[in-house]
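Only the coordinates and a few stated rules stand behind these numbers; no lab work does. Note that the structure is predicted; figures quoted are calculated from it, not measured. Methodologically, a virtual Cβ is constructed for each residue, glycine included, from the backbone with ideal geometry; neighbour enumeration extends over all protein chains shown.
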Amino acid sequence: MSDQFTGQNLADKYQIEGELRDGGLGKTYRATHLLMEKSVSIKILPPALAVDEKIVKRFSAEARTVSHISHPNILNVTDFGADKNGAVYIVMEDADGEMLEEVIEREGKFPIERAVRITRQIAAALSAAHTNGVIHHRLNSKNVLLAHMTGESETVKVLDFGSDVSNENGVFGEETDLRDLAYLSPEQNSSVSKADERSDIYSLGVILYEMLAGEVPFTAENPTDLMKKQAENPPAPLSAFRNDLPVYIEPIVIKA
């Protein structure tokens, strides 16, 4: 089923061909740059967010900054702007693959070597971003792409840097997926402090735990219960999910 953008011409430059994925700050589409005859992926802000001047300003500022970061584990930004109909968009390199969340749901627990390899690539992407003053804000397995690159093994591409749609008080709206909150640090969830590099490292630890255990460390029926679990309970030991872990792995995950 098509939506309002599929099949449309965007900014007189891009032909939208179809939806690739739906993320926290809008849907991403496969498209063609008409003049260059080149495949790209384009994320378009939902109309409800595109009319919010503060969100658009933050989105554009982050896109501009990320566009200057050249790193093999970050999906490169090549263009951004707004077309005459008010659609606010960001253009990225095209990359085939699957989101990490989808692979975990299908395959369950990852072999240790694969989980560590993916974690190292995500960490490298975060390091490059942090060096340039960019915080991801909402890192989770939904915005980690396992790309299939020609002639290479599985390559990580981290997406959606700067996808923070909390309000001025740091509180996430009702549209926020409760599952997404499971990756956020206790400080982010409780609005005690704004996200910084440590928040991204916490989220990376949750992703590593998820790859090794097949599930995130904490789940709950509502945000309040989730925050309570984070504050009062340690996560279940990874040894409860598998018996092949080297002794050094679990302390690294817990420290994150």
Original post:
How do Leu146, Leu245, Leu139 line up, fewest other C-beta atoms within 10 Å first?
Top reply: Leu245, Leu146, Leu139
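Between Glu232 and Asn85, what is 0.36 nm times their sequence separation minus the Cα-Cα distance? Round to one decimal in nm.
That pair, Glu232 and Asn85, stretches by 48.0 nm at full extension.
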Subject >> Proximal lysines relative to Lys109, as straight alpha-carbon distance under 26 Å, when same-chain residues fewer than 8 apart are discounted >> reply: Lys142, Lys157, Lys229, Lys255
**OP:** State the antiparallel share, in %, of DSSP beta bridges confined to the chain, rounding to the nearest 5.
**Re:** 95
Original post:
Taking the simple approach of a point 7 Å from Cα along Cα-to-Cβ for both Asp180 and Ser70, what is their distance in nm?
Top reply: 3.2
Original post:
Using the Karplus equation 6.51 cos²θ - 1.76 cosθ + 1.60 (θ = phi - 60°), what ³J(HN,Hα) coupling, rounded to whole Hz, does each residue of segment 113-119 give in order, writing x for Gly and Pro?
Top reply: 4, 5, 4, 5, 4, 5, 4
Original post:
What is the Cα convex hull volume of the chain when expressed per residue in Å³?
Top reply: 137
Original post:
Lys84: which lysines have alpha carbons under 20 Å from its alpha carbon, excluding same-chain residues fewer than 8 sequence positions away?
Top reply: Lys13, Lys27, Lys43, Lys54, Lys57
**OP:** Report relative contact order for segment 97-255 in percent, whole number only (criteria: Cα-Cα under 8 Å, sequence separation at least 6).
**Re:** 24
Subject >> Neighbour count of at most 16 Cβ within 10 Å plus DSSP loop: longest GluC sites (Glu not before Pro)-free window in the chain >> reply: 38-151
Original post:
Quick one: His148, His136, His33, fewest Cβ neighbours within 10 Å first, how do they rank?
Top reply: His148, His33, His136
Original post:
Applying the Karplus parametrisation 6.51 cos²θ - 1.76 cosθ + 1.60 with θ = phi - 60° to the phi angles of segment 78-83, what ³J(HN,Hα) value in whole Hz is obtained for each residue in order, glycine and proline being reported as x?
Top reply: 10, 6, 7, x, 9, 8
Original post:
Among Ser203, Ser41, which comes first, then next, by fewest other beta-carbon atoms within 10 Å?
Top reply: Ser41, Ser203
